[in-house]
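Everything on this sheet refers to the single structure shown next.
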Number of protein chains: 2
Amino acid sequence: MPYELFYHAKIQGRGEFVRLALEDAGADYIDVARGGDAGTAAMFALINGEDVARPPFAPPFLRDGDMLIAQTANILHYLGPRIGLAPDDDASRLFLLQVQLTVTDFIKDIHDTHHPIANSLYFEEQIEAAKLAAAKFIELRLPKYMGYFEKILARNPAGRYICGGGITYADLSMFQLVQGLRYAFPNAFAKVESNYPRLIALHDEVAQRPRLKAYLASERRIPFNEMGIFRKYPVLDA
Amino acid sequence: MPYELFYHAKIQGRGEFVRLALEDAGADYIDVARGGDAGTAAMFALINGEDVARPPFAPPFLRDGDMLIAQTANILHYLGPRIGLAPDDDASRLFLLQVQLTVTDFIKDIHDTHHPIANSLYFEEQIEAAKLAAAKFIELRLPKYMGYFEKILARNPAGRYICGGGITYADLSMFQLVQGLRYAFPNAFAKVESNYPRLIALHDEVAQRPRLKAYLASERRIPFNEMGIFRKYPVLDA
């Protein structure tokens, strides 16, 4: 039975971290909400339906038989060992989850550069706050997070990956971070990319993995746009 | 060997969710950074030391023998089964982690009411943005999250807890959320408390648990203050 991924149909967003894992693994899955209005309705029925025993708070979530699993990092923690994208030992799996949760925090900071005050207000309504938030993000948060991930790569004795000697879901997340930062902050990120040689090399290696390369060239990869986490607003890219 | 918890010595913050679990379980632990300057130095040595194989990004983190585990929800996911605060089956443990990660998201939203633009700026430098952020938080995010947790309690067929028939670490987190919201938003939260009868009943039950009650009355419980997640700024409490 295929995995069923439930996420918004028109953005990469948090769901993309799960899509990358499923695609790289060649897993059999259905991207339910991309199946049209009925798919989107099925997604909201699982969030709002009164007969769902353990409903998710928000997309993305994954259905695997009787299991309904929400929260991006939790989904990847569950999926990783099943699709060959996590190490075998429990200590490594916890470390991988820890890194992915740090990605979650970073993504929230990235999102909040364009929506610092409230997600319920338009970008245009909070643009002055966003300019200051983005400047502080570029100055402090971006180097702190990216420096951390670079350090993790440097400390791994087994190879050029986040954890152990092979690719895991966290490596795919590193790829996505580089892609997204290049999209959202082309000027600011270009200035500092050379500080993260291991991350860039990992990004380049991931991009050449056959199944992922095919995915990225396909219509299944939704282009970056101004509805997701990473948004190209030149006014925020100093 | 006692667990070693590493977290800032003068705030409840994210570390408090781990402290509550350790205290309620009667676990043998050391709150390292509260042991004075040497404890704080030991904490930063684990973050910044060049010989740490898998360094954390930030506190809180827990050391258990060879294991060094960061990210609040990850720590609780690890600790829960070891200290009797998680169910036995894997599906329930994943659900518990999912709920705790939703707590993580909620806490970030709560924190960002007083620091919407950047943590590196003073509250006073972003007070106008904070007023708007807090108003939107009270209007939209607070009821969305608290309504979700109330729903989870209502859907649990086994009892009045988040998951299964007994107390888990997520129930202790619900207690802490109610405590914190009462502290930070005494006016706004008082107006809506009656919408969450199960959460309030759970809070009251947790507060009476003998070990937790003793902890809350002790000097080990750091009082809420204006350096943590929950801050009492009347200007933000409409």
Which of the peptides A:67-73, B:184-190 is most tightly packed, and how do the rest follow, going by the mean number of other Cβ atoms within 10 Å of each residue? A:67-73, B:184-190
Any chance you could check the Cα centroid distance between segment B:111-133 and segment B:52-67 for me, in angstrom? 30 Å
I want the antiparallel fraction of DSSP beta bridges within the protein assembly as shown, as a percent rounded to 5. 70 percent
Using mean Cβ contacts within 10 Å as the protection proxy, how do B:5-13, B:82-90 order, highest first? B:5-13, B:82-90
Amide H neighbours of residue A:30 under 5 Å, counting only residues 5+ apart in sequence or on other chains, H built in-plane at 1.01 Å? A:3, A:4, A:5
Sort B:204, B:112 by heavy-atom solvent-accessible area, probe 1.4 angstrom, most to least. B:204, B:112
Note: A vs B interface, total accessible area buried (1.4 Å probe; ligands, DNA, RNA excluded), nearest 100 Å², is 4100 Å²
Kindly report, to the nearest 10 Å², the accessible surface of residue A:233 as traced by a 1.4 Å probe over protein heavy atoms only. 40 Å²
Per residue, how large is the accessible surface of the protein assembly as shown? Use a 1.4 angstrom probe and give square angstrom. 40 Å²
Average beta carbon contacts from partner chains per residue of A:144-151, 10 Å cutoff: 2
With every protein chain left in place and a probe of 1.4 Å, what is the accessible surface of residue B:193, to the nearest 10 Å²? 40 Å²
Whole-number percent relative contact order across chain A, with pairs defined as alpha carbons under 8 Å at least 6 apart: 22 percent
Determine how many Å³ per residue the convex hull of the Cα atoms of the protein assembly as shown encloses. 145 Å³
In whole Hz, the Karplus estimates of ³J(HN,Hα) for segment A:79-84 (6.51, -1.76, 1.60; θ = phi - 60°; x where Gly or Pro) are 6, x, x, 7, 10, x
If a/c stays under 1.5 just call it rounded; otherwise compare a/b with b/c (prolate if a/b is bigger, oblate if not). Do that for segment B:5-144, with a ≥ b ≥ c from the square roots of the Cα gyration tensor eigenvalues. oblate
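Helix-only mean residue ellipticity at 222 nm, chain A, DSSP H runs n ≥ 4 weighted -39,500 (n - 2.57), per residue, nearest 500. What is it?
That calculation yields -16500 deg cm²/dmol at 222 nm.
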Restricting to segment B:3-82, compute how many DSSP beta bridges are antiparallel as a %, nearest 5. 70 percent
Along segment B:155-162, what does the Karplus equation 6.51 cos²θ - 1.76 cosθ + 1.60 (θ = phi - 60°) give for ³J(HN,Hα), rounded to whole Hz, x for Gly and Pro? 7, 6, x, 8, x, 9, 10, 5
Over segment B:3-82, calculate the relative contact order: mean separation of alpha carbon pairs under 8 Å at least 6 apart, over the residue count, as a percent. 35 percent
Give the Kirkwood hydrodynamic radius (Å, one decimal) of segment B:90-209, defined as one over the mean of 1/r across all pairs of different Cα atoms. 15.2 Å
Determine the shielding of peptide B:52-60 by partner chains: average, over its residues, the number of Cβ atoms on other chains within 10 angstrom of each Cβ. 5
Could you work out how far the C-alpha centroid of segment A:140-215 sits from that of segment B:184-238, in angstrom? 40 Å
Beta bridge orientation in chain A: antiparallel %, DSSP, nearest 5: 70 percent
Could you order B:221, A:93 so the one with the most accessible surface comes first? Probe is 1.4 Å. A:93, B:221
Taking B:28, A:109 and ranking on accessible area (1.4 Å, protein atoms only), highest first, one gets B:28, A:109
Residue pairs, from the table A:108/B:144; A:144/B:108; A:144/A:213; A:136/B:151; A:136/B:191, whose Cα atoms sit over 27 Å apart: A:144/A:213; A:136/B:151; A:136/B:191
Write down, largest first, the equivalent ellipsoid semi-axes of segment B:3-82 in whole Å, where each equals the square root of 5 times an eigenvalue of the alpha-carbon gyration tensor. 19, 15, 11
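With all protein chains present, how much of the accessible area of chain A (probe radius 1.4 Å) comes from carbon and sulfur, to the nearest whole percent?
C and S atoms contribute 52 percent here.
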Provide the per-residue ³J(HN,Hα) series for segment A:220-237, in order, calculated from phi with Karplus coefficients 6.51, -1.76, 1.60 and θ = phi - 60°, each as a whole number of Hz, with x at glycine and proline positions. 5, 6, 6, x, 4, 8, 9, 10, x, 6, 8, 10, 8, 10, x, 5, 9, 10
Shielding of B:71-77 by partners, i.e. mean partner chain Cβ atoms within 10 Å per residue? 5
For residue A:155 the rounded accessible area (nearest 10 Å², probe 1.4 Å, non-protein molecules ignored) is 60 Å²
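The values are calculated or read from the model by the stated rules, or taken from the named source; none is laboratory data. Since the model is a prediction, treat every value here as computed from it, not as a measurement. When we count neighbours, we look across all protein chains shown, and the Cβ atoms used for this are built from the backbone with ideal geometry, even at glycine. Calculation scope for accessible area: heavy atoms of the full protein, side chains included, ligands and nucleic acids excluded. Shrake-Rupley method; radii C 1.70, N 1.55, O 1.52, S 1.80 Å.
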